[in-house]
Amino acid sequence: MNGEELVRSALGAFNRGDRKAVETLLAPDFELVSPMSDMRGHPYQGREGAQQWVDDLRDIFSGLEMEVDEFVVIRDGRLLGLGSARIQGRTSGLDYAQPVALVIDLGKAQIRRVRLLFDHDEGRRQAAALD
């Protein structure tokens, strides 16, 4: 499975709520940096951290699905996914689309790191700049 297929599989499992399938696609040392982790003051770490992120999302949103429309290979082992998220607010009931950029670092057949941003241009900048 190439990097794009790996990420599409993980997003499909995420959108279905299939935590076990997502977990098998994440490296043990997985790290997720997102606006929510910025509010916490640290990234979500490991597979348990990924599960905590999903739980945190469920506390805030009644629905969330992400789609990537375009993948850009930044370098070997790094992809940029550009797409959108469909979000339904738990309290407000608002249903809206939000642009998303995913900077994805891959390991051996698993996802090592994801940085989630809400701006495609910022995603492009960070994908090129991150080590």
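Each reported figure results from applying straightforward, stated rules to the coordinates on display, with no laboratory input. Here the structure is a predicted model, which means the values were calculated and not measured. All Cβ positions, glycine included, derive from the backbone under ideal geometry; neighbour counts span all protein chains shown.
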Quiz item: To the nearest 500 deg cm²/dmol, what mean residue ellipticity at 222 nm is calculated for the chain from DSSP H runs of n ≥ 4 alone, each contributing -39,500 (n - 2.57), summed and divided by the residues?
Solution: -11500 deg cm²/dmol
Quiz item: Normalised by the number of residues in the chain, what is the relative contact order in percent for Cα pairs under 8 Å and 6+ residues apart?
Solution: 24
Quiz item: What full-extension length gain, to one decimal in nm, is calculated for Gln88 and Phe61 as 0.36 nm per residue of separation minus the Cα-Cα distance?
Solution: 9.2 nm
Quiz prompt | Percent of beta bridges antiparallel (DSSP, the chain, rounded to nearest 5) | solution = 90
Quiz item: At a Förster distance of 22 Å, what's the computed FRET efficiency of Asp76 paired with Asp29, Cβ-Cβ distance as r, to 0.05?
Solution: 0.70
Quiz prompt | Which of Ser92, Ala109, Leu130, positive extreme of dipole for segment 86-131 (C-beta unit charges) | solution = Ala109
Self-check item: C-alpha center-to-center spacing [segment 97-129, segment 25-96] in angstrom
Solution: 10
Quiz item: Label points 7 Å out from Cα along the Cβ direction at Lys108 and Asp95: separation in nm?
Solution: 4.5
Exercise. Within segment 1-98, list the trypsin sites (Lys or Arg not before Pro) lying in a DSSP loop whose Cβ has at most 14 other Cβ atoms in a 10 Å radius.
Key: Arg90
Quiz item: What does a probe at Glu122 reach in segment 28-55, counting residues whose amide N is under 14 Å from the point 7 Å along Cα→Cβ?
Solution: 33-39
Quiz item: Taking Cα atoms, how many degrees apart are the long axis of helix 46-60 and the longest axis of the chain, rounded to 10 and kept between 0 and 90?
Solution: 30
Quiz item: Can you pull the Rg over Rh of the chain, Cα-only, Kirkwood?
Solution: 0.93
